[in-house]
Amino acid sequence: MWMGEVARVVGSCGRTLEHMPGASWSQHLLTFKSGKGAIFESLLAPKAISDQPFFTIQGTLGEIVMDGFGGGCRLYTQGPGGEAVVTELCKEGWDAGYTGEYADFADAVLQGRPTLSPASEALADLQ
């Protein structure tokens, strides 16, 4: 882990989507054994909200921003003259990680064979 083992967590969570079991928002402060700290926030919005990054990681040397549904990832650092430097790390969308699953499902439908992973595995992810 970047900051070491978590020593303590304090936070709160709740529900924004009544039809969905479990927490749909959370805010937590993490204290690491290394003495460093972090903030974890998550939100499943019940209505339309602005396009927000899926993840932002901030540190002493800069910031990494992983965009939302539009995709992309950028690194923000400081140049030698103090100017902001933005480096694009990738342009893929969040759904690129599902490419193998899409292909497996399409092959199963077109070839009439079972998927490589059973439906019970996907169901377990939702519980």
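Observations on the model:
- Ratio Rg/Rh [Cα only; Rh per Kirkwood] for the range 50-117: 1.25
- Selection of GluC sites (Glu not before Pro), the range 13-73, meeting DSSP coil and at most 12 other Cβ within 10 Å: Glu18
- Using only side-chain charges placed at the Cβ, +1 for Lys and Arg and -1 for Asp and Glu, the dipole size of the chain relative to its Cα centre rounds to 480 debye.
- Environment charge of Thr115, counting only residues whose C-beta is closer than 12 Å and scoring Lys/Arg +1, Asp/Glu -1: -3
- Those lysines that a straight Cα-Cα span of less than 21 Å connects to Lys91, excepting residues fewer than 8 apart in one chain: none
- Of the trypsin sites (Lys or Arg not before Pro) in the range 32-127, those whose Cβ has at most 14 other Cβ within 10 Å and which sit in DSSP loop: Lys33, Lys36, Lys47, Lys91
- Among Gly100, Gly72, Gly62, residue whose mean-square fluctuation peaks in a GNM of the chain (springs only between Cα atoms under 10 Å): Gly100
- Rounded tilt (10° steps) of 99-111 against the dominant C-alpha axis of the chain: 10
- Taking 0.36 nm per residue of sequence separation and removing the Cα-Cα distance, the Val6/Tyr98 pair yields an extension gain of 30.1 nm.
- Helix-only CD estimate at 222 nm, as mean residue ellipticity for the chain, using -39500 (n - 2.57) per DSSP H run (n ≥ 4): -5000 deg cm²/dmol
Values quoted throughout were computed directly from the atomic coordinates according to the rules given, and no laboratory measurement underlies them. Quick caveat: nothing in here was measured; it's all calculated off a predicted structure. FYI the Cβ positions are ideal-geometry reconstructions off the backbone, even for glycines, and counts take in every protein chain you see.
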